[in-house]
1. Express in % the proportion of alpha carbon pairs of region 117-184 at distances exceeding 14 Å.
2. If you keep only loop residues by DSSP, which chymotrypsin sites (Phe, Trp or Tyr not before Pro) in region 118-170 have at most 13 other Cβ atoms within 10 Å of their Cβ?
3. Order His279, His249, most accessible first, counting only protein heavy atoms with a 1.4 angstrom probe.
4. Once you keep just the Cα pairs under 8 angstrom separated by 6 or more residues, what percentage relative contact order results for the chain?
5. Tell me which trypsin sites (Lys or Arg not before Pro) from region 1-106 have a DSSP coil assignment and no more than 13 other beta carbons within 10 Å of their own.
6. Could you list, in their original order, any pairs among Lys243/Lys308; Lys175/Lys355; Lys44/Lys322; Lys52/Lys384; Lys118/Lys243; Lys46/Lys324 whose Cα atoms are separated by more than 31 Å?
7. Taking all protein chains as present, what is the carbon and sulfur share of the accessible area of region 1-94, in % to the nearest whole number, probe 1.4 Å?
8. Let me check I've understood the local charge: for Ala42, count other residues with C-beta under 15 angstrom from its C-beta, Lys and Arg +1, Asp and Glu -1. What total comes out?
Amino acid sequence: MSKLLIIGCGGVASVAIQKCCQNSDVFSEICIASRTKSKCDALKAKLDGATKTVVTTARVDADNKDELVELIRACRPKAVLNVALPYQDLMIMDACLETGVDYIDTANYEPENTDDPKWRAIYEKRCKEAGFSAYFDYSWQWAYGERFQKAGITALLGSGFDPGVTSVFSAYALKHYFDEIHEIDILDCNGGDHGYPFATNFNPEINLREVSANGSYWDNGRWVETAPMEIKRVYDFPQVGKKDMYLLHHEEIESLAKNIPGVRRIRFFMTFGQSYLTHMRCLENVGMLSTSPVLFEGRPIVPIQFLKALLPDPASLGPRTKGKTNIGCIYKGIKDGREKTVYIYNVCDHQECYKEIGSQAISYTTGVPAMIGAALVVSGVWNKKGVFNIEEFDPDPFMEALNRFGLPWVVDENPATVE
Ligand code: NDP
């Protein structure tokens, strides 16, 4: 019986929170906190009476360490689940260190202001040394390893779907199906249709930054970078059908390259429809995806943040989105001296998610694993001290919980592969 402090009350958080309330045996109490307490209160009102979990709310600005520390001391949770934005990762980790509580998140650190000269100098050095130019990488959070270990606390990084479930699938494949994995293709397909010409399924700023950046993949010990959307493939996804998919850089490639011994190639593909790509290109060409402030009528505004205000709120897509997601990984490797290919995936239906919890499948497929990761940490099933990516823990209890909490998975030992 543990208490969890959840930072964030957006699309992903609202699923994680409702799933915690379905798991009252583990989460006897949760506190929901963000800068807008009224949103947390509205969610609490929906849950009160429908769960044995005691729900409280608070206001916190997670960009302010003193506020975070004060809240953690007042709330006394066993762990903090960070489902705010990647911008807040380091501040929340600092507050966890200061107060001695465990930390869980779903996305690696990324700075809000990519023009900050101090950050930029480190970033440019990393681009040259590592060979990929994404704004996010794990070095910032991995650097906390010794301090978390000394403090006797756990940081579980990347407990969403991708990263998260795809990383656990990889650990599970290695444990049960292979002696060595040589190639991993992570395939993220959203076959859902929300009926809008253009909308993003999760936070638009984070989503558009990721998708408009250069692609990259891991190949024999080094990064190969591509232009945005340069590599396209078509795949016939079980229960969804044929879709165009494009190679992107994605954060779990970095940690899987480190944690799956002997892996030679890791690629990440995401499906996009033509309408999405055309809108994105157009917005990019006119500067609307820029993260640098511009002066408008004497006031600085950040174009991508202004765009976010115009786009549909991802949380509002739930009732409109029809169709399914299919996210998983194809592994090639060796077992008992013979070559082998295995595909592990989950199919999730947007409308089923909406019926159960009032959200579309993208928030659902991220919020469920966030709850499961937090449950395994607070109940001590995952109990290593230091900073770890999710594939560094025993995958079995997580895989079992996926089946129990709404994300059942399939193992196909004879799948079509991606050329
Ligand atoms: P939303 O924009 O819907 O929600 C973000 C939440 O963070 C809001 O409730 C906001 O509340 C809160 N927040 C933002 N800034 C602060 C702050 N300074 N202090 C406290 N709270 C803050 O985002 P999503 O729910 O779509 O995404 C949440 C996270 O999940 C992101 O990090 C995203 O990258 C990650 N993600 C991971 C995926 C995966 O598979 N691993 C997939 C999809 C998303 P308020 O404004 O009230 O402060």
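1. On the way: 1655 of 2278 pairs.
Counting every Cα pair in region 117-184, those more than 14 Å apart make up 73 percent.
2. Details: sites: Trp119, Tyr123, Phe132, Tyr135, Phe136, Tyr138, Trp140, Trp142, Tyr144, Phe148, Phe161, Phe169; in loops: Phe132, Tyr135, Phe136, Tyr138, Tyr144, Phe161.
Within region 118-170, no chymotrypsin sites (Phe, Trp or Tyr not before Pro) qualify (loop, at most 13 other Cβ atoms within 10 Å).
3. Working: His279 75, His249 10 Å².
Largest to smallest exposure gives the sequence His279, His249.
4. Details: 898 pairs, mean separation 86.2, N = 419.
Worked out over the chain, it gives 21 percent.
5. Values: sites: Lys3, Lys19, Arg35, Lys37, Lys39, Lys44, Lys46, Lys52, Arg59, Lys65, Arg73, Lys78; in loops: Arg35, Lys52, Lys78.
Here the trypsin sites (Lys or Arg not before Pro) that fit, given the DSSP loop and packing criteria, are Lys52.
6. Working: Lys243/Lys308 27 Å; Lys175/Lys355 35 Å; Lys44/Lys322 27 Å; Lys52/Lys384 29 Å; Lys118/Lys243 41 Å; Lys46/Lys324 26 Å.
With Cα atoms farther than 31 Å apart: Lys175/Lys355; Lys118/Lys243.
7. Carbon and sulfur: 48 percent of the exposed surface of region 1-94.
8. On the way: positive: Arg35, Lys37, Lys39, Lys44, Lys46, Arg59; negative: Asp41, Asp48, Asp313.
That works out to +3.
The values are calculated or read from the model by the stated rules, or taken from the named source; none is laboratory data. In this text the structure is predicted, and so the values were computed from the model without any measurement. Reconstructed Cβ throughout: ideal geometry from the backbone, glycine too, with neighbour counts over all protein chains shown. These accessible areas exclude ligands, DNA and RNA; they are computed on the full protein's heavy atoms, side chains included. Shrake-Rupley method; radii C 1.70, N 1.55, O 1.52, S 1.80 Å.
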